[in-house]
1. From the list Leu173, Leu178, Leu200, Leu165, exactly one residue is open to solvent by 10 Å² or more (accessible area, probe 1.4 Å), in the same structural domain as Leu63 (by TED's automatic domain parsing), within 21 Å of Pro22 (Cα to Cα) and within 13 Å of the ligand (Cβ to nearest atom). Which is it?
2. Which of the helices (runs of 4 or more DSSP H) found entirely inside the range 265-314 contain at least 1 residues meeting this: among the β-branched types (Val, Ile, Thr)?
3. So which residues in the range 12-43 are under 10 Å from the mean Cα position of the chain (by Cα) and either of a type in the set (Val, Ile, Thr) or away from the ligand (no atom under 12 Å from the Cβ) (or both)?
4. If you take the residues of the range 44-59 that are open to solvent by less than 20 Å² (accessible area, probe 1.4 Å) and within 10 Å of the chain's Cα centre (by Cα), which of them is farthest from Phe160 (Cα to Cα)?
5. Among the numbered conditions (1) part of a loop (DSSP other than H, G, I, E, B); (2) within 16 Å of the ligand (Cβ to nearest atom), tell me where Val193 comes up short.
6. Kindly indicate which of Val176, Val152, Val210, Val132 is closer than 30 Å to Leu287 by Cβ and free of Cβ contacts under 8 Å to residues at least 60 places away in the same chain.
7. Of the residues Gly343, Gly323, only one is open to solvent by less than 70 Å² (accessible area, probe 1.4 Å) and outside any helix (DSSP H, G or I); which?
8. Look at Leu87 and say whether it is touching a helix residue (DSSP H, G or I) at 6+ places or on another chain (Cβ under 8 Å), of a type in the set (A, V, I, L, M, F, W, C), under 24 Å from Arg298 (Cβ atoms) and away from the ligand (no atom under 16 Å from the Cβ).
Amino acid sequence: MDSFAATQARMADLDDRIRAAPDRFRVLTGERPTGRLHLGHYFGTLSERVVLQSRGVEVLLVLADYQVITDRDTSENVVAHVRDIVLDYLAAGLDPDTTTIFPHSAVPSLNQLLLPFLSLVTEAELHRNPTVKAETAASGRALSGLMLTYPVHQAADILFCKANLVPVGKDNLPHVELTRTVARRFNDRFGPVFPEPEPLVTASPEVPGVDGRKMSKSYGNAIALGMSEDETAAVIRRARTDGDRRITFDPAQRPGVSALLTTISLCTATPPEIIADEIGDRGSAELKRRATDAVNERFADHRRRRSELGADSDVVDAALRSGIERATDIADRTLDDVRERMGMRYLPHR
Ligand code: TRP
């Protein structure tokens, strides 16, 4: 069994443990603020975070702004992206009074954990990370020091708050594995400070973009949560379907048609085959009309809340301010503990 399959197999059991004792879990997850959140984020991760929060699990969400410069030269618009993402978080139901939302650059003591953590890994280990290899290849650029070491920085994102549960996509599993290694080695060398966090791979299916490939801003196939109804219609109108008037669900042979069926399916909680049967031989135009309606109806409330919240700029400020404050408190305490364990305390406790 590969590590992905093994992880999936543990999910049901984990779910039981969360229900039984939500207060034994601290969840840390997050994303790179490179653009607007889209349906893939919503069905893949955002809705799961809302469920965890509602079950009484403590959730911390890192907006990994330093990761934005792993594979590009600019951090342009990062503030706008962070603020836009926070709006989606709030509109989706995340409560900034209980869920801690922060950009990691705003929490200096979190970043300082990177130094001792780097001492615990070898260059060879860093070069073996399959996700770093793939991202470097895709970027077509020379491997930067940050690209090589960002998984260790991600370990700091996770360990600063001693999180024990980390929801991630499959591509982030190597980073959670490395985080476990860092925690274990730190504890062995300096004493027990960190838990070894478990990954939580989201159960929902991969959300296809309008071209049938995985939904991704960089493929230009994404429907952003914050799009208007007309923008949504325009994206779906451009979807590449085919001339066969009979609509069938066949992801391998008909990726475009099937992607729209999956989109409708996710938005309406109806199996894609049933939707295909309903449309029958009324063709792509009907399929696109239904997909547009399904998305616009499913996200009408979300979008209304987004624009209400967005009309008051203080709401996002307040969420970020309290998130940064709480994350800083936690990170300061962890860094203190880490320095103490390493024998680097120079002044007595005040
Ligand atoms: N690497 C994650 C991504 O690709 C973002 C991220 C940064 C993250 N730090 C994290 C995810 C900590 C989970 C836990 O989007």
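The values are calculated or read from the model by the stated rules, or taken from the named source; none is laboratory data. None of the values given here were measured: they were computed from a predicted structure. Cβ coordinates were reconstructed from backbone atoms using ideal geometry, including for glycine residues, and neighbour counts include every protein chain displayed. For accessibility, only protein heavy atoms count, side chains too; no ligands or nucleic acids. Shrake-Rupley method; radii C 1.70, N 1.55, O 1.52, S 1.80 Å.
1. Residue meeting the stated conditions: Leu200.
2. Per the criteria, 272-279, 283-298.
3. Thr29, Tyr42
4. Gly44
5. Going through (1) part of a loop (DSSP other than H, G, I, E, B); (2) within 16 Å of the ligand (Cβ to nearest atom) one by one, Val193 breaks only (2).
6. Working: Val176 fails: closer than 30 Å to Leu287 by Cβ; Val152 fails: closer than 30 Å to Leu287 by Cβ; Val132 fails: closer than 30 Å to Leu287 by Cβ.
Just one listed residue meets the conditions, Val210.
7. On the way: Gly323 fails: outside any helix (DSSP H, G or I).
Result: Gly343 is the single residue among Gly343, Gly323 that is open to solvent by less than 70 Å² (accessible area, probe 1.4 Å) and outside any helix (DSSP H, G or I).
8. yes
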